[in-house]
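Data block below; observations after.
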Amino acid sequence: MATAPQHQTPAPRPELTDADLVERARGGDYDAFETLVKRHDRRLYNLAMGIVRQPQDAEEVVQNAFLAALEHLGGFRGEAAFSTWLVRIATHAALKVLRKRRGLDVVSLDAATDPDDEGAIAHPEYIADWRENPAQNAERSELRAQLTHAIDQLSEGHRLVFLLRDVEGLSVKETAEVLSLSVPNVKVRLLRARLALREELTRAFGDPSRRVAPHDHGSHDLHRQGDAEGGSRHAM
């Protein structure tokens, strides 16, 4: 009796990297650029919302960022990751929206602090011990909401540094490059932002068993929160 032919399932094709897609998009492959849009759309939207804090403006930021990226794709040299390049474009697009909204220039991000002036750092009245505890998993949603509120209360300069460094995961050097700041200035602003957020969360979650450091797991949950609210958005 003849044996039925065996059909082997082909091995899954490896996912193209951003660099591969950029190269194809440069060659006129619009589908490749559309894949890049879908891959980074939610991340840019969450970043934009953290800066402009209005959904309609955030949509405008994402739209303009991807259009600018497409227009200047030929100038992308690959010295930094494509995602970092996108974050830089989106950040500048968000600041432009703020300027338009206010009808005046945004206060210079580099005008604030002397990075060597440690005494200028406003120490919180109290900061609790922010070690991990299994019980905090049950309060994740509440923590995210409180963290989002606390981030909104930060000054613009501190909020931008915190979002880029601790939420987006950029290095201190990359954050400095995106915002045109010095590395020491970024470090000071980041410290101040973290201290302010820790104080705010300590006030909200006074029980030591209910705390997460704002620069640890809680801030990265802001990405996942956006993903859970709906499917991928399409900016193009």
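The values are calculated or read from the model by the stated rules, or taken from the named source; none is laboratory data. Bear in mind that the values here come from a model prediction, so they are computed numbers and not experimental data. With ideal geometry, Cβ positions are generated from the backbone for all residues, glycine too; neighbour counts draw on all protein chains shown.
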request  = Would you point out which residue out of Arg42, Arg88 is among the basic types (Lys, Arg), in contact (Cβ under 8 Å) with a residue 24 or more places away in the chain, part of a helix (DSSP H, G or I) and out of contact with any Gly (no Cβ under 8 Å at 6 or more places or on another chain)?
outcome  = Arg88
query = If you go through segment 53-61 one residue at a time, do you hit one that is in a loop (DSSP other than H, G, I, E, B) and either surrounded by 12 or more Cβ atoms within 10 Å (Cβ to Cβ) or at pLDDT below 95 (or both)?
reply = yes
inquiry  = Being buried (at least 19 other Cβ atoms within 10 Å of the Cβ) and at pLDDT 90 or above is true for just one of Tyr30, Tyr45. Which residue is that?
reply    = Tyr45
ask   = Just checking, which of Val172, Val183, Val167 is outside the structural domain of Thr84 (by TED's automatic domain parsing), of a type in the set (A, V, I, L, M), within 30 Å of Gln56 (Cβ to Cβ) and at pLDDT 60 or above?
value = Val167
task = Considering each residue of segment 197-209, count those that are within 14 Å of Ala145 (Cα to Cα) and either hydrophobic (A, V, I, L, M, F, W, C) or modelled with pLDDT under 70 (or both), and give that number.
result = 4
request  = Examine segment 138-151 for a residue that is at positive phi and modelled with pLDDT of 85 or more, and state whether such a residue exists.
outcome  = no
message = Any residue in segment 168-193 that is free of Cβ contacts under 8 Å to residues at least 12 places away in the same chain and in a helix (DSSP H, G or I) sitting within a Cβ distance under 7 Å of a residue that is surrounded by fewer than 19 Cβ atoms within 10 Å (Cβ to Cβ) and among the basic types (Lys, Arg)? List the pairs, counting only those 6 or more apart or interchain.
response = Val183/Lys173
